[in-house]
Structure formats: C-alpha cells, structure tokens
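What follows is a single structure, written as structure tokens, with notes after it.
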Amino acid sequence: MDKKLVVIDGYSLLHRAFYALPPLTSQDGTPTGAVYGFLTMFYKIVSSAQPTHLAVAFDLKGPTFRHAQYEAYKAGRPPMPDDLRPQVPLLRQVLEAMGVAVCDSEGFEADDILGTWAARAAAQDVPAVLVTGDRDALQLASACTEVWLTKKGISELAVYTPEVLQAQYGRTPAGMIDLKGLMGDASDNIPGIPGVGEKTALKLLDQFGSLEDVLAHAGEAKGPKLRASLEMYADQARMSKALATIRTDVPLAQDWDDIGFTMPRGAALLALYDKLGFRSLKKWVAQDDGPPQNAEKTGALPTRERETVSDADALRARVAQLCQRERVAICLEQEQLTLCAPEGMETCVPLYNDLLGEGIDEESALRLLAPLAESDVPKVLYDAKGWIVRLRAHNIELKNASFDVMIAAYLLDATSSDYALTTLRGMYAPASGDTGAALLLALARAMRAQMVEEGLDELYESVELPLVQVLADMQQEGFRVDKAALEAIGAELGGKMDAYSAAITDLAGHSFNINSPKQLGVVLFEELGLPVVKKTRTGYSTDVDVLEQLQDKHPIIPNIIAYRQVSKLKNTYVDGLLPLIRPSDGKIHSTFNQVITATGRISSSEPNLQNIPVRSDLGRPLRKIFCAGGENRVLVDADYSQIELRVLAHFSQDEHLMDAFNHGEDIHRRTAAAMWNVSMDAVTDHMRTAAKAINFGIVYGISDFGLARNIGISRKEAASFIQRYLETYPGVKAYMDAVVARAKEEGYVATMFGRRRALPELASGNYNIRSFGQRVAMNMPIQGTAADIIKLAMVAVHRELAQRGFDAKLILQVHDELIVDAARSCADEVAACVRALMENAVHLDVPMVVDVGIGRTWFDAK
C-alpha cells in the first residue's frame, strides 16, 4: 500500500482543546479535558487522512536554537495553566498506550519536527499532512504536503496547499516567511519592523518581491516614516525571518519504520480509557490485540475492486444486474455515484455537469438509476430522506430503503456533531479501505451489530427508519401560508415599530440607531444617567436582562423592550417567512431534521416552524397565516396533554402523581394546592401558573435560582417550594436520585425505548459541568421518551391515513403536537383516528390524553 504521512503538533492541539472544551476530570480528580479533546481531534484526523505513518511532535523544555539567535524569543508568554500542565505527560502516556510514535528533539520546536518529516516525505514523493494551530507551518505547504490548521474549537480544520495560499494571501509558501519577517509575530515575540502590519507587509511584498527586495528598495517605499523604519530595522527584519524559518534537518531518533501507524487497539487501551472516563472514545478501539485478518501494517483491509462506468449504456446494464441482487448500496458523494452489492466489485460513475466533460451528468445518472431505485431490492444508503427528495425531483420514487447509515450513526451516538463517512469509517470500520457504496455496506454490517448489542435495533427498525419516509412526505407536502395575511401582519408590525421608534427618539431628545448597542448604551447610561448594570468588552450591556432591571427607572425602557419584541417578530417571522413561500403552491416547505438533538426530538429548519410564537399577544396571530391547503380543507391539530409529566409519573411510580392523572385531575391545580396548602377550589390563576412552572421545571432539574426568576419570587421561597414539591411527590425525588446514580455508574441514560445519551459530564471535576450532567440525566429519559412516543405516533398516523384512504396528509410536528391537512368531508373521522393512534401509541401506567381541534387555520385549530 502507498505511504501517507500525518504529523501532528502535539502541544498545539492539546492547547487548542484545553481552551475549546469545558474542564473534565477523571474519577481521581486528574484534569483530562484537554487530552479528551486532543483524542477527539486525533480520531477525526486519522479517519479523514487514513495515514500509513503517523507521529506526534512535541516541544521540549529549555531554550532552542532560536533563543541563541534572539534571547527575547517567546518572552512574555503567560505560564502554562495549572490544569493543563499535568495533561502534557498524561497525553504522552496515552499516546504510548495507543502505540503512536512521539517525536521530540532538544533545542528544536515541534514546527521543526513537522518540517523535517515533510522534507523526508518530499524526498520520497510521499503525500503528507501536517496538523497544527501555528500558522508558521504554512511555509511547509508543497505539492505533496498539506497543512491542516485547527479553527473553531476542535470541530474544524482548514486545509492549506500552495494554491490556497496563493489565492488567500497572494504568496507562495516561501513568501509566508518573508511576510513574517516584515510584520513579526507578537505571540512568539518576533519583532519584525515596528509599525508594519500584515496589510502593509503584503503591499510591500506585492510591490518589490521578497523581503530582501523590500529592504533593498526601502527608499522607494511610500511615506517617510515607513522608509525610515525599513532602513533602521533592516537587520531586525532579517533576524525575524530567520526566527520564523522552520528547520527541515532536525536530528530525530525515529525513521519511517518507527512511525508506521495502525488504528489503536487492545484491552489495555480500553482499560485506560475507562480509568480516564473516556467512555465515548472506546468505540474507536478494537478489542483484540492482533491485526485484522489480511491487514497490512496500516490496519487497512484490501479495498474492494472497482469498475468505472462512464457511458449511459454501461450504467444501464449495471443497474439491470443490480436489480437482481439481494441487497445494494448506493452512494453519491464527491461528484461520483457508486453502486455495490455485498458480493462482487463496486461500480463507480464519475459525474460531469459541464458540456465538455466526458461521462454522465448527475441528472442523467439519477434517471438511469430509476429501475433500481423503484425496485424492491433492499437498499443501503446515507441520508435516505435526502435521496427520496432528490429522486422525487426527477419523478422517481425510492422504494425499500432498508438501512440508513446516517440515522444509525445518530442512534448510536446522538451527541456527535460529525456523521461524515470518513469519520464513521474510523469509528465503525477502521480496517476498511473502502469508500463510497462499498464503505456503506461495511458500515451497515458493523452498525447493525452494535445496535443489536446495545438493544437499539428495535427502536431503529420500528421508529427511526420508517420515520425517514414520514418526514420526506411532510417536507414535500408543505404548509400553506396566507401571503396577504402575512404581509398585513408585517405592515401592522412595521407601524408599531415606527410608533415605538418615535417615542424612543422623543424621550432620548434626538434620533439615533436603536439597533446599535453602542449608541443605545451612550443614550441610556451617559445622556440619561441610568445606573450601569453590566459592562462588556465593547461597552455598556443593553441586553434583555439589563433592560428588565431598568424598567422602572425611565419610560424609555419599556418602549425599547417593546420595540425589540416587535422588531424580532417582523424580521424573523414576516421578513424571514415571505421569501420562503414557494410560488408554485403557496406553501412553505420546512426541512425536518432527524439527527440534530441529543434527546431524539425532531427539529425544523429553513424555516423553523416549531418556533412560531404562541404565548405572546403579538406573536399568537402569526398562526392565523398558516392554513389548510384548499377551500374545502381544514387542519386537524392533535396535542398530547402534559406528556412529559405523564412519563415522569410512569417512571417515578409516585402514587400521588399517578393518582392525579388516573382521576383526570388538573395536575397544575393539584400541585398548587399542595404548594400553598390550600384546597384545590381555592387555587388562584397565579398559583396555578406558578405550580405549572414548578411541575415542568422539576422535569428539567430546575434550581431555586431558576425557579425564583421564572415566577418572580425570592430564592428562599423557591427553595421552599421545591422542597414541598418533593415532599408532595416523594417518588419523583427517589426516581431522580436513582437515575443520576445509575448514569454515573453506566456512563449514560436511556429512554423507555432504549435510546441512549452518553454523560461524560458526570465525571467532571467542575461543579457546573457536573451539575449540568445531573440535570441532563434527570431530563433526557423523560424528554427522550416523549420524543419516542410522538415519533411512534407519527409513523402510525402516516401509515393509517394512507391505508384507510383518507384525503389527509400529516404536514407538521411540533414537539408534542401533530397537524394534519384534511378534506373537510373526512375531518371528524381523521380527528378520531389521530386521537386514538396517539393515545394508544404506547402503554403507560397513567392514561395518555390528546386534545384535538379542527379549524381553517392553525390558530383556529389550536
């Protein structure tokens, strides 16, 4: 197998992880957050790059050759944080257990080690990837070396090649050293030329060429001050360039044979991950110590043979053959379509969308795929919903999507934000060298086995997989919008904005940009002299918390609050929705996301129809613009009543909570009676509202501080209320204590149906993070179970409406609510059907109750 090299700047990534992630500790109190973050990045890198050789480079303590050139090199850097210092040797220990080569050399830096390995790779024409957060390494980019720079915490890497540098900076890799020589580097205390920043340095290099050329033509630079600086600090610029130049000749103890890479494996490593609390990383580790059968030193199995098809007749013939197979994987990525059955070679179809390219364009390829897509052959896919939508655009109906790799990955790890195929290969099929459709088959095999092992297979088969079709149909159907009514609301809100703006201007005594926090801060705290509540790095804070604290201080404040509320409604729900109304059908077609939330809930985007406001008098009318799809149609709105509290009653088996639901009592009124020690008849609306906040707050592990803020009482009163609640419902307290204790022991919590959420936060030494983990442990089984129940109901409603031939379509789900667009003639039957299916979706030890309404608009039906 051809070589591929990856070299990682160890301390750079460790430092990045330390500041990007919350602090974590092992059970013995050892800080581990930076090491955990490093390993998360490590597995992402190796799964993407697929190296045959890998090394992690480290700086050593003590001066380097650069300090001999310039004693103040890196002077003024703050000391290493106390929580980071012990993680450096810990990382080296973990890397040793992983069998990963560690490189260092006295007197040199990690950058120099990266440069030396890059030079060795170039000498043998070996492709190399250098991973670091230090932009100095950009000078090492070459025809066979990519530099991957960390950015945005630990989730993203920017890939730099000579072409990227040229496009972004107008410089060659070597030219980046000239740039550093002129502008210096404050982080390394490289002086450069005083007064010359990046912009000026780039102009000088564009005008004259190299650093030496700039210095030679110093007298031609624009401006006497710049000319004087170039002449006075010429030697300092040359020294700065020398300091910034990465060495490529470091004497290293390792050679190629010492850095051969296989995916880390073995029982000892699994035990170490357990000790450190890195349970979520164990999925990357194979449990046997020996290499996979037929594996090379890289641990990669031989790649499945691939044939390339570049004309329509050949693809048509291959599709006909695959229609006779028992199972087929289909993958579309990186401008190529791949098809593969479990046995035999993989077919690759390069796609071209321009007239001059040879081969098949995407639209033609999908049309030629139609016989296979519409056949009953079971299909393994990635993002089956995306495939359904894509094929329907060509009037092709996808049948029998038997396995969706993306959905399976989500079910196995709902807290991940990276379900890319390269990442999944590293997690579930690290020994596979396959890509495309062949990789999908390997992943499906491994994922199915793990779902069975974790008891997730039934949830996958009965809920998540069939839900793919339901969501695709909902997206296609869309939700009709009364555009004229929406525009009228926009005009009304615009008028209110103008009125509030005029009042604010009048009270301020002059006009200013109300939307500018800086200008607003000057008006409130300097001109009007209001007390300063909070400051930010850029000036006075004028956020909603500050304004609420100032409401009684000046009449301008209520007007500003009202202006912001109206402005948000208009900008988000009028100006934001109008462009999304599809002219062809007058509907909004939201995208429903199945792999976003850690609790299993479905989310909606572009636009988020689950976030249409319902509580405020200003926002509630917005539901009037969402209407049934025709004059003789209505909306059927079915909403679970207090589903999460009913799930809590089922889980906790609290006799008082169960008794209230079994007797059809108003749970909020009953709770209020207990909190205030009055009869249920004596409960006021205010008491019930506060009790409602307590009931739902308890589900989310609310604190006395949070409850006090929510219902406007003192913290002491809130603490007393929570205590009385737990005394009233002792089973709830017992359940919460038990679920947290079990989560600490097992490292995860689960819903009634087995959906899991990993909880490494419970092992943190940081109180706030640990408290967050405890709240999640209490809430996720309840909220997740409610999410599973509504999903079961969606699948049942979608299927029943079709089987009974109703002229009705499920068009929206909002947490515990389903909306069906139905013909008026069958609306009552549909309402009864939906109610029955939802109330019997699953058996709880308390009844599930569904409130159903029928109306022309969402507002009327609700």
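Data for the structure
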{"read-out": "Inverse mean reciprocal Cα-Cα distance (Kirkwood Rh) of the range 749-862, Å", "value": "16.2 Å"}
{"read-out": "Apportionment of accessible area to carbon and sulfur, the chain, percent (1.4 Å)", "value": "49 percent"}
{"read-out": "Pairwise label distance in nanometres, Gln324 with Arg390, each label 7 Å out on the Cα-Cβ vector", "value": "2.7 nm"}
{"read-out": "Whole-number percent relative contact order across the chain, with pairs defined as alpha carbons under 8 Å at least 6 apart", "value": "10 percent"}
{"read-out": "Sequence-distant residues sharing a close amide H with Thr145 (under 5 Å, placed H)", "value": "Ala128"}
{"read-out": "Computed [θ] at 222 nm, deg cm²/dmol, the chain (DSSP H ≥ 4; -39,500 (n - 2.57); rounded to nearest 500)", "value": "-14000 deg cm²/dmol"}
{"read-out": "Solvent exposure ordering (accessible area, 1.4 Å, most first) of Ile581, Ile504", "value": "Ile581, Ile504"}
{"read-out": "Estimated D of the range 545-633 in µm² per second, where Rh is the Kirkwood radius over Cα pairs and Stokes-Einstein applies at 20 °C, 1.002 mPa s", "value": "136 µm²/s"}
{"read-out": "Across Lys61/Lys151; Lys275/Lys534; Lys203/Lys518; Lys61/Lys275, pairs whose alpha-carbon gap is larger than 31 Å", "value": "Lys275/Lys534; Lys203/Lys518"}
{"read-out": "List Met451, Met658, ordered by accessible area with a 1.4 Å probe, largest first", "value": "Met658, Met451"}
{"read-out": "Along principal axes, Cα extents of the range 619-686, largest first, whole Å", "value": "51, 29, 19"}
{"read-out": "DSSP beta bridge pairing in the range 315-451, given as percent antiparallel to the nearest 5", "value": "60 percent"}
{"read-out": "Set of the range 527-547 residues, backbone N closer than 16 Å to the point 7 Å along the Cα-Cβ line of Lys553", "value": "527-536, 539-547"}
{"read-out": "Per residue solvent-accessible surface (Å²) - the chain, probe of 1.4 Å", "value": "45 Å²"}
{"read-out": "Per residue convex hull volume, Cα atoms of the range 177-243, in Å³", "value": "68 Å³"}
{"read-out": "Inter-label distance, nm, simple model (7 Å from Cα along the C-beta direction), Glu526/Glu335", "value": "5.4 nm"}
{"read-out": "Cross-link pairs Lys570/Lys862; Lys624/Lys862; Lys483/Lys624; Lys570/Lys624; Lys399/Lys791 - those with Cα-Cα distance over 18 Å", "value": "Lys570/Lys862; Lys399/Lys791"}
{"read-out": "Counted charge near Gly490, where neighbours are those whose Cβ lies closer than 9 Å (Asp, Glu -1; Lys, Arg +1)", "value": "-2"}
{"read-out": "Percent of beta bridges antiparallel (DSSP, the range 1-142, rounded to nearest 5)", "value": "10 percent"}
{"read-out": "Solvent accessible area, Å² - Leu276, 1.4 Å probe, full protein context", "value": "10 Å²"}
{"read-out": "Cα gyration tensor shape of the range 553-600, rounded if a/c is under 1.5, else prolate or oblate by comparing a/b with b/c", "value": "oblate"}
{"read-out": "Cα pair distances exceeding 16 angstrom across the range 1-121, given as percent", "value": "65 percent"}
{"read-out": "Mean separation of Cα contacts under 8 Å, 6 or more apart, over the residue count of the range 468-615: relative contact order %", "value": "29 percent"}
{"read-out": "Nearest-10 value in Å² for the accessible area of Phe753, using the 1.4 Å probe", "value": "50 Å²"}
{"read-out": "Rounded accessible area of Asp376 (nearest 10 Å², 1.4 Å probe)", "value": "120 Å²"}
{"read-out": "Within the chain, percent of DSSP bridges classed antiparallel, to nearest 5", "value": "65 percent"}
{"read-out": "Projected-area average for the range 596-735 over all orientations - Cα convex hull basis, square nanometres", "value": "11.6 nm²"}
{"read-out": "Accessible surface ranking that places the most exposed of His815, His668, His686, His650 first, with a 1.4 angstrom probe", "value": "His686, His815, His650, His668"}
{"read-out": "Pair-distance profile P(r), taking every C-alpha pair of the range 395-521, with 10 angstrom steps and integer %", "value": "10, 24, 18, 10, 14, 17, 6, 0"}
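The values are calculated or read from the model by the stated rules, or taken from the named source; none is laboratory data. For clarity, every value in this text was computed on a predicted model and none was experimentally measured. Positions of Cβ are backbone-derived with ideal geometry, glycine not excepted, and every protein chain shown enters the neighbour counts. The accessibility values were calculated without ligands, DNA or RNA, using every heavy atom of the protein model including side chains. Shrake-Rupley method; radii C 1.70, N 1.55, O 1.52, S 1.80 Å.
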